[in-house]
Amino acid sequence: MKERLGGGVSVDFCLYCDPEKITNVQEHNKAWRDAARSLPFGQNVEVQYETRFDLGYWEMLPLFLRGNVDGVHAPTKGRDIASSDEPHRRWSLEETERSMDLAHELDAKYFVHHLTPQDDFQDRNRQLERGFKSLDELTEYYKNKGYGFKILPEILEHPKSPANKTESVNIIEKAKIIFNKYKMEEKLGFCLDIAHLWHNLKSLLPDRTPFDFEEELNDYISEISKHTSIDVVHLAGAYVEEGDKNQVHVTHAYPGLMMGEHYSQTSRCRIDEKPSSFNGEWMNADTVLRSIKSIKSIQGKDPIITIEAHDPNIENQLAACRKISQQYKTL
């Protein structure tokens, strides 16, 4: 049966096939078919599909995955719905519309997207204007198609937007205006990415410590829940390590593992303690899980937890889901 946490929280993981290793439709279909066959009965996933949609390969995915998908993540590699290059923005928009088609065909519950997915930050205000223009067009497309999944903006790494509580609230409120325009305000939600929030706290307020993060996270959850529902929580490696010039942010790694480490069913996933060999700032996963537990009491429903590691080894991902599930139940 599907892993359940406490009062019914689902533990999913991000299903991803590296587009750089796919050069034709045969390789594409084999990669996704093999990934789908590795999923045990009842284990759901969030699909992040990065192969170009205009190739048409994606149309085979429902044959492999329908019934195993909770959500779809909009593509980000090479796509930028807030691009200052209008032809590129239009193409990125079309790619995102196809990913919405995929979400519908997979019977997904939600669709995660980045409002400002690329690093074009000379003028964040104008970049956001373009992002909202695209969101309006995507919402109109969604409405005309009669789709039913929820649309979830995601908190992103600074300087992308939204990067903190204030920006998140502002974006939610502006998105509400767009959704109200199409009379579908109930279809708007939010995706909280723990590693992004942690990274942004350390980038914007470097004097803050992991001890402060639990308070910051609880405050963020409380405030966002006043404006919309937190439907999905992305859980990943959350720490910063002092480098030569910059702090290193690990986003797509397992909670409790250091950079360069690989997860296995026999490895010790350090969920609640800092490794003795690590000298940077470490975020304990059990701190995060306690805060996630509070979401149901605030908004009346559990979010879906998705481990966002992009590991091609499905067994590793399943083992991590079990580990997080077991840890959650002890809190």
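Just so it is clear, none of the values below were taken in a lab; they were calculated from the coordinates. Note that this is a predicted model, so its numbers are computed, not measured. Cβ coordinates were reconstructed from backbone atoms using ideal geometry, including for glycine residues, and neighbour counts include every protein chain displayed.
Miscellaneous remarks
- Look at the alpha carbon pairs under 8 Å that are at least 6 residues apart: their mean separation over the length of the chain gives a relative contact order of 18 percent.
- Computed from the C-beta positions of GLU273 and ASN170 and an R0 of 30 Å, the FRET efficiency is 0.25 to the nearest 0.05.
- If you wrap the tightest convex hull around every Cα atom of the chain and split its volume per residue, you get 138 Å³.
- Here the chain is treated with +1 on each Lys and Arg Cβ and -1 on each Asp and Glu Cβ, and its dipole about the Cα centre works out to around 940 debye.
- Globularity ratio of the range 17-188, using Cα Rg and 2.2 N^0.38 Å: 1.04
- Candidate lysines for bridging to LYS202, where Cα separation is under 21 Å - those fewer than 8 sequence places away on the same chain excluded: LYS160, LYS165, LYS245, LYS274
- Simple point charges give the picture: +1 on the Cβ of Lys and Arg, -1 on the Cβ of Asp and Glu, and for the range 17-188 a dipole about the Cα centre of about 400 debye.
- Label-to-label distance, nm, for residues given as LEU205 and LYS77 (7 Å Cα→Cβ offset): 3.5
- If R0 equals 45 Å, the separation of the Cβ atoms of LYS181 and HIS262 corresponds to a calculated FRET efficiency of about 0.45.
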